[in-house]
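Taking it in order: structure first as C-alpha coordinates, then the write-up.
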Amino acid sequence: MPHPGDLRIAVKPYETPIVALSLFQLVSSIGLFVGAAALMYWSLQLSYLVTLLLAIPTGALLVRVFIIQHDCGHGSFFASRPANDAVGWLCSILTLTPYANWRRQHAGHHATWNNLDRRYSGRDIYSSCLTVAEYRAMSRRRRFFARLVRHPLIAHVVLPPLVFLLLYRVPFDTPKAWGHERRAVYAHNAAILAAVSALGFVVGFVPLLLVQLPVILVTSIIGVWLFAVQHRFDDSHWARQSQWSFTSAALAGSSYLKLPKILQWFTGNIGFHHIHHLAPRIPNYRLERCYREVAALRDATRLSLRSALASIGLSLWDEERQRFVRFRDVSRPASAPHAR
(Lines give C-alpha, C1' and ligand atoms only; values in the text may rest on other atoms or scores of the structure.)
Protein backbone atom coordinates (compact mmCIF):
# COMPACT_ATOMS: atom_id res chain seq x y z
CA MET A 1 0.00 0.00 0.00
CA PRO A 2 1.39 3.46 -0.90
CA HIS A 3 2.41 5.84 1.85
CA PRO A 4 -0.74 7.70 3.04
CA GLY A 5 0.97 11.08 2.87
CA ASP A 6 2.08 10.57 -0.74
CA LEU A 7 -1.39 9.40 -1.72
CA ARG A 8 -3.06 12.40 -0.12
CA ILE A 9 -0.75 14.72 -2.04
CA ALA A 10 -1.53 12.87 -5.28
CA VAL A 11 -5.31 13.19 -4.97
CA LYS A 12 -5.39 16.72 -3.54
CA PRO A 13 -5.59 18.51 -6.93
CA TYR A 14 -8.84 16.70 -7.73
CA GLU A 15 -10.63 18.05 -4.67
CA THR A 16 -11.34 21.46 -6.18
CA PRO A 17 -14.90 21.67 -7.54
CA ILE A 18 -15.43 23.13 -11.00
CA VAL A 19 -18.40 25.47 -10.72
CA ALA A 20 -19.48 25.18 -14.36
CA LEU A 21 -19.50 21.38 -14.18
CA SER A 22 -21.36 21.40 -10.87
CA LEU A 23 -24.03 23.72 -12.22
CA PHE A 24 -24.37 21.73 -15.44
CA GLN A 25 -24.72 18.48 -13.54
CA LEU A 26 -27.26 20.00 -11.15
CA VAL A 27 -29.46 21.53 -13.88
CA SER A 28 -29.23 18.55 -16.22
CA SER A 29 -29.86 15.93 -13.53
CA ILE A 30 -32.84 17.63 -11.95
CA GLY A 31 -34.12 18.73 -15.36
CA LEU A 32 -33.99 15.21 -16.74
CA PHE A 33 -35.62 13.83 -13.60
CA VAL A 34 -38.47 16.35 -13.76
CA GLY A 35 -38.91 15.64 -17.48
CA ALA A 36 -38.97 11.88 -16.92
CA ALA A 37 -41.49 12.27 -14.09
CA ALA A 38 -43.68 14.46 -16.32
CA LEU A 39 -43.54 11.75 -19.00
CA MET A 40 -44.72 9.24 -16.39
CA TYR A 41 -47.72 11.41 -15.54
CA TRP A 42 -48.54 11.73 -19.24
CA SER A 43 -48.21 7.95 -19.71
CA LEU A 44 -51.00 7.30 -17.20
CA GLN A 45 -53.50 7.93 -19.98
CA LEU A 46 -51.87 5.21 -22.10
CA SER A 47 -51.15 2.27 -19.80
CA TYR A 48 -49.97 1.93 -16.23
CA LEU A 49 -47.56 -0.74 -17.42
CA VAL A 50 -45.83 1.95 -19.50
CA THR A 51 -45.76 4.18 -16.42
CA LEU A 52 -44.13 1.44 -14.36
CA LEU A 53 -41.52 0.81 -17.06
CA LEU A 54 -40.70 4.52 -17.12
CA ALA A 55 -40.21 4.40 -13.34
CA ILE A 56 -36.92 2.54 -13.88
CA PRO A 57 -35.03 5.33 -15.71
CA THR A 58 -36.82 7.98 -13.64
CA GLY A 59 -35.78 6.28 -10.41
CA ALA A 60 -32.22 5.94 -11.73
CA LEU A 61 -32.18 9.68 -12.45
CA LEU A 62 -33.22 10.30 -8.86
CA VAL A 63 -30.20 8.23 -7.78
CA ARG A 64 -28.09 10.74 -9.71
CA VAL A 65 -29.81 13.58 -7.84
CA PHE A 66 -29.02 11.78 -4.59
CA ILE A 67 -25.32 11.66 -5.56
CA ILE A 68 -25.41 15.46 -5.87
CA GLN A 69 -26.96 15.68 -2.39
CA HIS A 70 -24.29 13.28 -1.17
CA ASP A 71 -21.51 15.47 -2.61
CA CYS A 72 -23.05 18.54 -1.02
CA GLY A 73 -23.03 16.76 2.33
CA HIS A 74 -19.28 16.23 1.96
CA GLY A 75 -18.75 19.86 0.96
CA SER A 76 -17.39 18.78 -2.41
CA PHE A 77 -19.97 19.99 -4.94
CA PHE A 78 -19.24 23.69 -4.44
CA ALA A 79 -16.45 25.53 -2.64
CA SER A 80 -19.07 27.43 -0.63
CA ARG A 81 -20.69 25.65 2.31
CA PRO A 82 -23.91 27.72 2.07
CA ALA A 83 -24.18 26.75 -1.61
CA ASN A 84 -23.62 23.08 -0.77
CA ASP A 85 -26.21 23.20 2.00
CA ALA A 86 -28.80 24.99 -0.15
CA VAL A 87 -28.45 22.56 -3.06
CA GLY A 88 -28.25 19.55 -0.75
CA TRP A 89 -31.45 20.61 0.98
CA LEU A 90 -33.20 21.15 -2.39
CA CYS A 91 -32.19 17.68 -3.55
CA SER A 92 -33.35 16.19 -0.25
CA ILE A 93 -36.95 17.17 -0.99
CA LEU A 94 -36.81 14.98 -4.09
CA THR A 95 -34.90 12.09 -2.48
CA LEU A 96 -36.91 12.10 0.78
CA THR A 97 -33.60 11.95 2.67
CA PRO A 98 -33.23 14.56 5.47
CA TYR A 99 -30.12 16.47 4.47
CA ALA A 100 -28.64 17.73 7.74
CA ASN A 101 -29.25 14.55 9.70
CA TRP A 102 -28.02 12.23 6.94
CA ARG A 103 -24.94 14.41 6.37
CA ARG A 104 -23.78 14.07 9.96
CA GLN A 105 -24.62 10.36 10.18
CA HIS A 106 -22.75 9.72 6.94
CA ALA A 107 -19.70 11.60 8.19
CA GLY A 108 -19.62 9.12 11.08
CA HIS A 109 -19.67 6.27 8.56
CA HIS A 110 -16.58 7.68 6.85
CA ALA A 111 -14.77 8.16 10.14
CA THR A 112 -15.28 4.64 11.44
CA TRP A 113 -15.88 2.49 8.38
CA ASN A 114 -14.64 -1.13 8.72
CA ASN A 115 -13.42 -0.59 12.28
CA LEU A 116 -14.69 -3.57 14.29
CA ASP A 117 -14.24 -1.73 17.59
CA ARG A 118 -16.19 1.37 16.54
CA ARG A 119 -19.23 -0.13 14.87
CA TYR A 120 -22.71 1.20 15.50
CA SER A 121 -24.01 -2.37 15.62
CA GLY A 122 -27.71 -2.75 15.00
CA ARG A 123 -28.23 0.70 13.49
CA ASP A 124 -27.20 0.09 9.92
CA ILE A 125 -27.01 -3.42 8.50
CA TYR A 126 -25.65 -2.03 5.25
CA SER A 127 -22.46 -0.35 6.48
CA SER A 128 -21.89 -2.43 9.61
CA CYS A 129 -21.58 -6.15 10.13
CA LEU A 130 -21.80 -9.03 12.55
CA THR A 131 -18.77 -11.20 13.12
CA VAL A 132 -19.01 -14.97 12.92
CA ALA A 133 -18.20 -15.20 16.63
CA GLU A 134 -20.99 -12.76 17.51
CA TYR A 135 -23.46 -14.67 15.39
CA ARG A 136 -22.51 -18.01 16.94
CA ALA A 137 -22.96 -16.54 20.43
CA MET A 138 -26.56 -15.51 19.68
CA SER A 139 -29.60 -17.40 20.85
CA ARG A 140 -31.53 -19.32 18.19
CA ARG A 141 -34.19 -16.62 18.14
CA ARG A 142 -31.70 -13.79 17.63
CA ARG A 143 -29.96 -15.78 14.91
CA PHE A 144 -33.29 -16.14 13.11
CA PHE A 145 -33.93 -12.40 13.14
CA ALA A 146 -30.31 -11.62 12.18
CA ARG A 147 -30.66 -13.84 9.13
CA LEU A 148 -34.14 -12.55 8.34
CA VAL A 149 -33.24 -8.86 8.10
CA ARG A 150 -30.10 -9.68 6.09
CA HIS A 151 -31.82 -11.98 3.61
CA PRO A 152 -31.29 -10.44 0.15
CA LEU A 153 -35.02 -10.04 -0.53
CA ILE A 154 -35.61 -8.35 2.81
CA ALA A 155 -32.43 -6.27 2.96
CA HIS A 156 -32.41 -5.15 -0.67
CA VAL A 157 -36.05 -5.12 -1.75
CA VAL A 158 -38.36 -4.76 1.26
CA LEU A 159 -36.38 -2.59 3.67
CA PRO A 160 -34.96 0.16 1.38
CA PRO A 161 -38.35 1.71 0.51
CA LEU A 162 -39.39 1.54 4.17
CA VAL A 163 -36.21 3.37 5.16
CA PHE A 164 -36.81 6.20 2.70
CA LEU A 165 -40.57 6.47 3.15
CA LEU A 166 -40.94 5.86 6.90
CA LEU A 167 -37.70 5.62 8.85
CA TYR A 168 -36.30 8.88 7.48
CA ARG A 169 -39.40 10.69 8.72
CA VAL A 170 -38.14 10.44 12.32
CA PRO A 171 -34.66 10.89 13.85
CA PHE A 172 -34.67 7.20 14.71
CA ASP A 173 -30.95 6.82 15.47
CA THR A 174 -29.99 10.44 16.03
CA PRO A 175 -28.36 11.21 19.41
CA LYS A 176 -30.43 13.54 21.57
CA ALA A 177 -27.49 15.95 21.69
CA TRP A 178 -27.86 16.56 17.95
CA GLY A 179 -30.61 19.12 18.42
CA HIS A 180 -30.19 20.85 15.06
CA GLU A 181 -30.25 17.60 13.12
CA ARG A 182 -33.30 16.30 14.97
CA ARG A 183 -35.24 19.52 14.31
CA ALA A 184 -34.10 19.46 10.69
CA VAL A 185 -35.78 16.08 10.18
CA TYR A 186 -39.17 17.55 11.06
CA ALA A 187 -38.53 20.69 9.00
CA HIS A 188 -37.68 18.40 6.11
CA ASN A 189 -40.98 16.55 6.61
CA ALA A 190 -42.85 19.85 6.50
CA ALA A 191 -41.13 20.80 3.24
CA ILE A 192 -42.01 17.41 1.70
CA LEU A 193 -45.62 17.79 2.82
CA ALA A 194 -45.80 21.22 1.22
CA ALA A 195 -44.28 19.95 -2.03
CA VAL A 196 -46.56 16.89 -2.14
CA SER A 197 -49.63 19.04 -1.42
CA ALA A 198 -48.77 21.53 -4.16
CA LEU A 199 -48.06 18.81 -6.72
CA GLY A 200 -51.14 16.86 -5.69
CA PHE A 201 -53.40 19.84 -6.33
CA VAL A 202 -51.88 20.22 -9.80
CA VAL A 203 -51.82 16.61 -11.03
CA GLY A 204 -54.16 14.92 -8.57
CA PHE A 205 -53.26 12.90 -5.50
CA VAL A 206 -54.00 9.50 -7.00
CA PRO A 207 -51.77 10.11 -10.06
CA LEU A 208 -49.12 11.46 -7.72
CA LEU A 209 -49.14 8.22 -5.74
CA LEU A 210 -49.17 6.09 -8.90
CA VAL A 211 -46.06 7.89 -10.21
CA GLN A 212 -43.98 8.83 -7.18
CA LEU A 213 -44.29 5.59 -5.26
CA PRO A 214 -42.71 3.33 -7.93
CA VAL A 215 -40.01 5.96 -8.51
CA ILE A 216 -38.94 5.98 -4.86
CA LEU A 217 -39.10 2.18 -4.80
CA VAL A 218 -36.64 2.01 -7.70
CA THR A 219 -34.38 4.73 -6.28
CA SER A 220 -34.19 3.26 -2.79
CA ILE A 221 -33.48 -0.28 -4.01
CA ILE A 222 -30.72 0.86 -6.39
CA GLY A 223 -29.23 3.29 -3.88
CA VAL A 224 -29.09 0.86 -0.97
CA TRP A 225 -27.68 -1.90 -3.14
CA LEU A 226 -24.90 0.40 -4.40
CA PHE A 227 -24.05 1.43 -0.85
CA ALA A 228 -24.00 -2.13 0.48
CA VAL A 229 -22.18 -3.95 -2.30
CA GLN A 230 -19.24 -1.57 -2.30
CA HIS A 231 -18.60 -2.31 1.36
CA ARG A 232 -19.27 -6.03 1.54
CA PHE A 233 -17.47 -8.12 -1.03
CA ASP A 234 -15.15 -11.14 -1.04
CA ASP A 235 -11.91 -9.19 -0.61
CA SER A 236 -13.24 -6.51 1.71
CA HIS A 237 -11.41 -5.99 4.98
CA TRP A 238 -12.37 -5.13 8.55
CA ALA A 239 -9.87 -4.49 11.33
CA ARG A 240 -9.67 -3.93 15.05
CA GLN A 241 -8.76 -0.44 16.28
CA SER A 242 -5.08 -1.35 16.81
CA GLN A 243 -4.74 -2.33 13.14
CA TRP A 244 -7.16 0.16 11.59
CA SER A 245 -6.07 3.10 9.45
CA PHE A 246 -8.06 5.55 7.37
CA THR A 247 -6.15 4.77 4.18
CA SER A 248 -6.40 1.00 4.46
CA ALA A 249 -10.10 1.32 5.30
CA ALA A 250 -10.62 3.25 2.06
CA LEU A 251 -8.47 1.18 -0.27
CA ALA A 252 -9.00 -2.29 1.21
CA GLY A 253 -12.46 -1.86 2.71
CA SER A 254 -14.16 -0.23 -0.28
CA SER A 255 -14.28 -1.36 -3.90
CA TYR A 256 -14.15 -0.06 -7.43
CA LEU A 257 -17.45 -1.09 -9.00
CA LYS A 258 -16.84 -1.04 -12.76
CA LEU A 259 -20.20 -0.39 -14.36
CA PRO A 260 -21.21 0.03 -17.99
CA LYS A 261 -20.83 3.69 -18.97
CA ILE A 262 -24.57 4.42 -18.94
CA LEU A 263 -24.94 2.99 -15.43
CA GLN A 264 -21.81 4.82 -14.32
CA TRP A 265 -23.46 8.05 -15.48
CA PHE A 266 -26.77 7.33 -13.74
CA THR A 267 -24.94 6.51 -10.49
CA GLY A 268 -22.73 9.58 -10.56
CA ASN A 269 -19.41 7.71 -10.59
CA ILE A 270 -20.04 6.34 -7.11
CA GLY A 271 -18.48 3.10 -8.35
CA PHE A 272 -15.09 4.69 -7.64
CA HIS A 273 -15.96 4.20 -4.03
CA HIS A 274 -12.49 3.53 -2.71
CA ILE A 275 -11.39 6.94 -4.00
CA HIS A 276 -14.45 8.56 -2.47
CA HIS A 277 -13.62 7.05 0.93
CA LEU A 278 -10.01 8.13 0.63
CA ALA A 279 -10.87 11.69 -0.41
CA PRO A 280 -14.56 12.51 0.10
CA ARG A 281 -13.95 16.12 -0.96
CA ILE A 282 -13.46 15.05 -4.59
CA PRO A 283 -16.60 15.91 -6.61
CA ASN A 284 -18.21 12.90 -8.25
CA TYR A 285 -17.43 14.17 -11.76
CA ARG A 286 -13.66 14.18 -11.01
CA LEU A 287 -13.42 10.67 -9.57
CA GLU A 288 -12.86 8.84 -12.86
CA ARG A 289 -10.01 11.12 -13.93
CA CYS A 290 -8.41 10.74 -10.51
CA TYR A 291 -8.61 6.96 -10.94
CA ARG A 292 -6.99 7.10 -14.38
CA GLU A 293 -4.17 9.44 -13.39
CA VAL A 294 -3.17 8.18 -9.92
CA ALA A 295 -1.75 4.70 -10.53
CA ALA A 296 -1.87 3.60 -6.87
CA LEU A 297 -5.67 3.82 -6.92
CA ARG A 298 -5.94 1.14 -9.59
CA ASP A 299 -4.86 -1.59 -7.16
CA ALA A 300 -8.22 -1.65 -5.36
CA THR A 301 -10.58 -4.60 -5.65
CA ARG A 302 -12.51 -4.32 -8.90
CA LEU A 303 -16.07 -5.59 -9.01
CA SER A 304 -18.02 -6.19 -12.16
CA LEU A 305 -21.78 -5.91 -12.17
CA ARG A 306 -21.93 -9.71 -12.17
CA SER A 307 -19.52 -10.21 -9.27
CA ALA A 308 -21.24 -7.45 -7.31
CA LEU A 309 -24.59 -9.18 -7.67
CA ALA A 310 -22.99 -12.49 -6.67
CA SER A 311 -21.68 -10.99 -3.41
CA ILE A 312 -25.09 -9.86 -2.25
CA GLY A 313 -25.39 -12.68 0.28
CA LEU A 314 -22.16 -11.88 2.15
CA SER A 315 -23.23 -10.93 5.67
CA LEU A 316 -20.72 -11.99 8.35
CA TRP A 317 -17.10 -11.05 8.92
CA ASP A 318 -14.94 -14.06 9.76
CA GLU A 319 -12.02 -12.81 11.83
CA GLU A 320 -10.20 -16.13 11.56
CA ARG A 321 -10.32 -16.27 7.77
CA GLN A 322 -10.25 -12.48 7.35
CA ARG A 323 -13.07 -12.37 4.85
CA PHE A 324 -16.81 -11.98 4.49
CA VAL A 325 -18.85 -15.17 4.49
CA ARG A 326 -22.44 -16.20 4.03
CA PHE A 327 -24.62 -17.55 6.79
CA ARG A 328 -24.45 -21.01 5.30
CA ASP A 329 -20.65 -20.97 5.66
CA VAL A 330 -20.75 -20.56 9.43
CA SER A 331 -21.56 -24.18 10.14
CA ARG A 332 -18.52 -25.32 8.19
CA PRO A 333 -15.15 -25.91 9.86
CA ALA A 334 -12.81 -22.93 9.77
CA SER A 335 -10.51 -24.84 7.42
CA ALA A 336 -13.21 -25.43 4.83
CA PRO A 337 -12.74 -23.53 1.55
CA HIS A 338 -14.88 -20.46 1.08
CA ALA A 339 -17.75 -20.96 -1.37
CA ARG A 340 -17.67 -18.30 -4.03
- Please specify each residue of region 90-101 satisfying the condition of being open to solvent by 20 Å² or more (accessible area, probe 1.4 Å) and either over 21 Å from L217 (Cα atoms) or not in a helix (DSSP H, G or I) (or both). L96
- Here is a list of conditions, (1) part of a helix (DSSP H, G or I); (2) modelled with pLDDT under 95, and M1 meets all of them except one; can you say which number that is? (1)
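Here's the yes/no breakdown for (1) part of a helix (DSSP H, G or I); (2) over 16 Å from T97 (Cα atoms); (3) out of contact with any Pro (no Cβ under 9 Å at 6 or more places or on another chain):
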site: D173; (1), (2), (3): no, no, yes
site: K176; (1), (2), (3): no, yes, yes
site: N189; (1), (2), (3): yes, no, no
site: A195; (1), (2), (3): yes, no, yes
site: G200; (1), (2), (3): yes, yes, no
site: L213; (1), (2), (3): yes, no, no
site: T219; (1), (2), (3): yes, no, no
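I'd like the full set of residues that are surrounded by 18 or more Cβ atoms within 10 Å (Cβ to Cβ) and over 16 Å from L314 (Cβ atoms), limited to region 251-272.
L251, Y256, L259, F266, T267, G268, N269, I270, G271, F272, listed by residue number.
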- Query: Could you list, in sequence order, the residues of region 40-54 that are assigned to a helix (DSSP H, G or I) and open to solvent by less than 80 Å² (accessible area, probe 1.4 Å)?
  - Reply: M40, Y41, S43, V50, T51, L52, L54
- In the set D329, D299, which member is modelled with pLDDT of 85 or more and open to solvent by less than 10 Å² (accessible area, probe 1.4 Å)? D329
- Looking only at residues in region 220-250 that are exposed (fewer than 15 other Cβ atoms within 10 Å of the Cβ) and in contact (Cβ under 8 Å) with a residue 40 or more places away in the chain, which one is nearest to the chain's Cα centre (by Cα)? S245
- Note on region 15-38: residues aromatic (F, W, Y) and surrounded by 19 or more Cβ atoms within 10 Å (Cβ to Cβ) are F33
- Which residue, of V185, V158, is out of contact with any helix residue (DSSP H, G or I) (no Cβ under 8 Å at 6 or more places or on another chain) and assigned to a helix (DSSP H, G or I)? V158
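Got a sec? Which of R150, R136, R104 is open to solvent by less than 60 Å² (accessible area, probe 1.4 Å), touching a residue at least 40 places away in the same chain (Cβ under 8 Å), among the basic types (K, R) and under 30 Å from R240 (Cβ atoms)?
R150
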- Task: Give the residues of region 66-86 that are open to solvent by 20 Å² or more (accessible area, probe 1.4 Å), among the aliphatic types (A, V, I, L, M) and in a helix (DSSP H, G or I), sorted by residue number.
- Result: A83, A86
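The values are calculated or read from the model by the stated rules, or taken from the named source; none is laboratory data. Everything quoted here is computed from the prediction, not taken from an experiment. FYI the Cβ positions are ideal-geometry reconstructions off the backbone, even for glycines, and counts take in every protein chain you see. Ligands, DNA and RNA are excluded from the accessible area calculation, which covers all protein heavy atoms including side chains. Shrake-Rupley method; radii C 1.70, N 1.55, O 1.52, S 1.80 Å.
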